[in-house]
Amino acid sequence: MNPNITNSGIITNKGQTKVNQSAIGPGAQVTLGRFAESTAARPTGVGVITVLSEEANAVREVLGLHRVRKGELPFMEGNVDVRGRDIHIAAIRTLKMGPRSTMATFQQLRDHYSPTVIALTGIGGGIHSDAAIGDVVITNRVVYYDQRRETPDGPRYRGDALEAPAAIGHALNSYFTDYGEPAVLDDEETGDQYRVHTGPIGSGDALITDSDSHIIRYLTGFNEHTRAIDMEGAGLSEAFHEQTGKSAVRGWVVVRGISDDASEHRSYDHHQLAAQRAAKVLKTLLPYLPIDDDTHG
């Protein structure tokens, strides 16, 4: 062999050589990995999680989204122009109610869209005197109430509070600086006004229909400013807390329209109203969220 010859690649003198996943020529490169990663779309600005049909329809209507299927998952997409910012949105419903399905949905948004921020949007029960039916609560703090020890004297709760990153807190501060705290918004459809509050919410697997529940007493004792309860906020905040990898979401926020008072008088009468107002408040919040420029439409 001539010692002055340098070869890089594959040389075949006899027989056949098959080359798969190859690149030929100066500067050519082969990158091996999951197909989904190699064909990933531009990162999305905000991912939206809903649970009920009223919530999903409200988000689709208010944000102007359209249906997009990715494999077996029915997402909704669209671009929202708010206060000079054109923000790409991807939304999906959870398969079921509760924190576990919410954690799975969080990962589905990460896998298919890599959103910068994920917003959980829909209805909740008000447990504070300030949170009237039809009002909206925006929060970056969730108290998970399900951890407890059962004793003969009753449950002993071991709540776990999770908070979104400081960038989300600054975004909410800016929002309420501009809109007032509480914010007072006009509902053009009903002609009424409603208030937008901020403060912690409680979250767990229980559907509460008792205003004197041990859980409500625990939550208001944990933080007197706890405004509302839901069943999915704990799943969102925990999924964010435990995520790993390059496509990590940078922040989360929960927007809950108050549909009932979590008492025995709870009904479905105000679901549509609360879902619509939550979606409208989310739209006003979008330009304040910490979203990178390359996630805009």
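The values are calculated or read from the model by the stated rules, or taken from the named source; none is laboratory data. Since this is a predicted model, take the numbers as computed values, not measurements. In this analysis, Cβ positions are derived from the backbone assuming ideal geometry, glycine residues included, and neighbour counts consider all displayed protein chains. Protein only, heavy atoms only, side chains kept; ligands, DNA and RNA dropped before computing areas. Shrake-Rupley method; radii C 1.70, N 1.55, O 1.52, S 1.80 Å.
If you rank Phe75, Phe222 by how much accessible surface each has, with a 1.4 Å probe, what is the order from largest down?
Values: Phe75 0, Phe222 95 Å².
Result of the area sort, largest leading: Phe222, Phe75.
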ask   = Sorted by packing (mean other beta-carbon atoms within 10 Å per residue), highest first, where do 228-240, 177-189 land?
value = 228-240, 177-189
task = Would you mind telling me the antiparallel percentage of the DSSP bridges in region 141-297, rounded to 5?
result = 65
message = Using each residue's phi in region 47-52, evaluate 6.51 cos²θ - 1.76 cosθ + 1.60 at θ = phi - 60° and report the 3J(HN,Hα) Karplus result to the nearest Hz, with x for Gly and Pro.
response = x, 10, 10, 10, 10, 8
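Test of understanding: what is the full-extension gain from Asp153 to Lys96, defined as 0.36 nm times their sequence separation minus their Cα-Cα distance?
Numbers: separation 57, 0.36 × 57 = 20.52 nm, distance 3.31 nm.
My answer for the length gained is 17.2 nm.
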ask   = How large is ³J(HN,Hα) for each residue in region 142-149, as worked out from phi by the Karplus curve 6.51 cos²θ - 1.76 cosθ + 1.60 (θ = phi - 60°), to whole Hz, x for Gly and Pro?
value = 10, 9, 8, 9, 6, 6, 7, 10
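Using square roots of five times the C-alpha gyration tensor eigenvalues, list the equivalent-ellipsoid semi-axes of region 72-118 in whole Å, biggest first.
Working: eigenvalues 105, 22, 20 Å².
Semi-axes, largest first: 23, 10, 10 Å.
Using the crude model of +1 on Lys and Arg Cβ and -1 on Asp and Glu Cβ, and no other charge, please compute the dipole size for region 87-207 relative to its Cα centre, in debye to 20.
In total the dipole reaches around 760 debye.
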inquiry  = Order 212-221, 47-56 from most to least packed using the mean count of other Cβ atoms within 10 Å.
reply    = 47-56, 212-221
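What percentage of the solvent-accessible surface of region 126-227, computed with a 1.4 Å probe over protein heavy atoms, is contributed by carbon and sulfur atoms? Each step should come with its number before you reach the end.
Values: 2230 of 5290 Å².
Ligands and nucleic acids excluded, carbon and sulfur reach 42 percent.
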remark   = For region 128-285, the charge dipole (Cβ of Lys, Arg +1; Cβ of Asp, Glu -1; about the Cα centre) points to a positive end, and the Cα of Gln193, Gln276, Tyr179 closest to that extreme belongs to Tyr179
inquiry  = Could you give the length gained by full extension between Asp178 and Ser53, i.e. 0.36 nm per residue of separation minus their alpha carbon distance, to one decimal place?
reply    = 41.9 nm
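Hey, what does the equivalent ellipsoid look like for region 89-192, semi-axes from the Cα gyration tensor as sqrt of 5 times each eigenvalue, largest first, whole Å? Before the final figure, lay out each step's value.
On the way: eigenvalues 146, 102, 51 Å².
Working through the eigenvalues yields semi-axes of 27, 23, 16 Å.
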